1. Would you mind computing Rg(Cα) / (2.2 N^0.38 Å) for the stretch 126-186, counting N as its residues?
2. Hey, any idea what % of the chain's accessible area is carbon plus sulfur with a 1.4 Å probe?
3. Over the alpha-carbon set of the chain, divide Rg by the Kirkwood Rh and report the Rg/Rh ratio to two decimals.
4. Pick from S99, S30, S210: which residue has the top mean-square fluctuation in a GNM of the chain where Cα pairs under 10 Å get a spring?
5. Kindly report the accessible area of the stretch 30-166 per residue (heavy atoms of protein chains, probe 1.4 Å, no ligands, DNA or RNA), in Å².
6. Check cross-link reach from K149 to the lysines: straight Cα distance under 21 Å, and skip same-chain residues fewer than eight apart.
7. Suppose every K and R has +1 on its Cβ and every D and E has -1 on its Cβ; what is the size of the dipole of the chain about the Cα centre, in Debye to the nearest 20?
8. Which order do peptides 110-121, 49-60 fall in by mean Cβ count within 10 Å, highest first?
Amino acid sequence: MKQLLDFLTDSTVIFFVANSLYVISYMLTSMIWLRVLAIIAAASTVPYFYFQAEPLWSALFWQGCFLAVNLVNLLILFYSMRATNFDEDERLAYEIKFSELKPHEARPIFRYAERISVPAGTLLLKDGDQNDTLFLLLEGDCSIIKNGKEVALLKPGHFIGELSFLGKDAVSADVVTAGDARLMAWDKNKLAPLFKQHALYESYFYSLCSLDVAGKLRTLTAAHAAV
């Protein structure tokens, strides 16, 4: 028993375990566990560096820095993951479009959104115009009108203006509210700081828009096939 205790408390063994924890932490995809293991590993190296014939103060200093950096980042991570209180529009938008994200991940997206309530017959987009705004339909319906004819009816959960938002092409049809509607709207220029700071948000927006376009194309194709 004494030999086992001596082995477990040996500074070299502790140092080996600490570095093993470092290796394991870098293999993890969960940022929380990466930080936790890195903190434990940094703390575990302290006995090894301190109980040398002469304490290795420089090594202790840098391990202290590693520990502090990871601890601060862990606290920031926990703070960002605190309970997120959405307002009514944000809750609805999250449920119908952004539920793949964690609530704290969706918060920055909503921070850049404008809330819009419009009556029936409101022209949101005009055929041939340039457009830098992406709309998300929260409540109500919208008609897509081409050459004076309704070609599609959009329901809540659909983006509006995604093609012109994604590229520089002009709007390809009129979009008119078929009844009272509530929407969220994002201006491409106002989103630029978010995209610059977190490129993954730009990729996420563009992938959502692409999926929305694909869904509309399938609906239009099915409608034409049925005629």
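The values are calculated or read from the model by the stated rules, or taken from the named source; none is laboratory data. Fair warning: this is a prediction, and the values are worked out from it, not measured in the lab. Virtual Cβ from ideal backbone geometry, glycine too; neighbours counted across all protein chains shown. Side chains included, ligands, DNA and RNA excluded: accessible areas come from the protein's heavy atoms. Shrake-Rupley method; radii C 1.70, N 1.55, O 1.52, S 1.80 Å.
1. Computed over Cα atoms of the stretch 126-186, the ratio equals 1.04.
2. 63 percent
3. Using only Cα positions, Rg/Rh for the chain is 1.25.
4. S30
5. Value for the stretch 30-166: 57 Å² per residue.
6. Answer for K149, where 21 Å is the Cα cut-off: K126, K216, listed by chain and number.
7. Numbers: 20 positive and 24 negative charges, 40 e Å.
Roughly 200 debye, rounded to the nearest 20.
8. Averaged packing, sorted descending, gives the order 110-121, 49-60.
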